[in-house]
Amino acid sequence: MDSQQEIKELKEQVVYYEKLIKNMSAPIIPSIVPRTILVPIAGFIFQDRFDMIRSKVLKYAEKHRDTERVVFDFTGVTADDIAEFDYNGLASELSQLNSALSLMGLRAIYAGFNPLFVREIVHAGIQVELEVYTTFRIALQQLLTENDQLLSKR
C-alpha cells in the first residue's frame with residue numbers, strides 16, 4: 001500500500017472514531033419513567049461538549065415530542081474533569097442548557113454534581129436556577145412518585 005492510500009485510510013479512521021466519541025459522550029437513554037430521558041455525563045467538561053449535548057437533546061426532543069423531562073446525571077464527572085473549566089463559563093453553559101430545554105417545554109433535572117463544582121459555583125457568587133438532586137436515584141424516585149400521583153388522579 002502506498003503512503004497516500006495509507007494516509008487516506010488513517011483519516012477515515014479518525015473521522016469514524018470522532019463520530020464514535022461524540023455519540024458516546026452524551027448518550028440519550030429512555031427512562032423507566034414515562035416521557036423521561038436520561039443523559040449520563042462523564043469525563044471532561046468543556047464548551048463544545050455542552051453545545052453538542054444541548055443540540056443532541058433538542059434534536060431528540062424534536063423527534064420524540066412526547067418527551068417531557070431530561071435528567072442529566074453528572075455523577076461520572078470528577079474534580080479533575082472540571083478543573084480546567086472556568087466556573088463562570090460552566091454555570092453559563094448550564095443556564096443556557098436549562099433555558100433551551102425550557103423553551104422546548106422540557107423540564108431539566110440535574111443530579112450528582114461534584115462537591116468541588118458546587119463549592120466553586122457558590123464561592124464565585126454565581127446564581128443558577130436548576131432543579132437538582134443529590135443522586136440520580138433520588139431524582140428518579142421523585143419522578144416515579146410524581147408519575148404515580150398523576151396516574152392515581154386520573
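The values are calculated or read from the model by the stated rules, or taken from the named source; none is laboratory data. All figures in this text were calculated on a predicted structure; none of them were measured in a lab. As a convention, Cβ positions derive from the backbone with ideal geometry for all residues, glycine included, and neighbour counts pool all protein chains shown. Surface accessibility is based on the protein's heavy atoms, side chains included, excluding ligands, DNA and RNA. Shrake-Rupley method; radii C 1.70, N 1.55, O 1.52, S 1.80 Å.
Checking each residue in the stretch 97-131 for being modelled with pLDDT of 85 or more and hydrophobic (A, V, I, L, M, F, W, C) picks out L97, A100, L101, L103, M104, L106, A108, I109, A111, F113, L130. Scanning the stretch 39-67 for residues that are open to solvent by 20 Å² or more (accessible area, probe 1.4 Å) and within 15 Å of R107 (Cβ to Cβ) turns up L58, Y60, H64, R65, D66. Kindly provide the set of residues from the stretch 87-135 that are surrounded by 15 or more Cβ atoms within 10 Å (Cβ to Cβ) and charged (D, E, K, R), ordered by number. Listed by number, the residues that qualify are E93, R107, E120. Looking across the stretch 27-38, the residues that are buried (at least 18 other Cβ atoms within 10 Å of the Cβ) and not polar (S, T, N, Q) come down to I28, V33, I37, L38.
The condition of being out of contact with any helix residue (DSSP H, G or I) (no Cβ under 8 Å at 6 or more places or on another chain) and at pLDDT 80 or above does not hold for I37. Can K63 be described as at pLDDT 90 or above, of a type in the set (K, R) and under 17 Å from the mean Cα position of the chain (by Cα)? The answer is no for K63.
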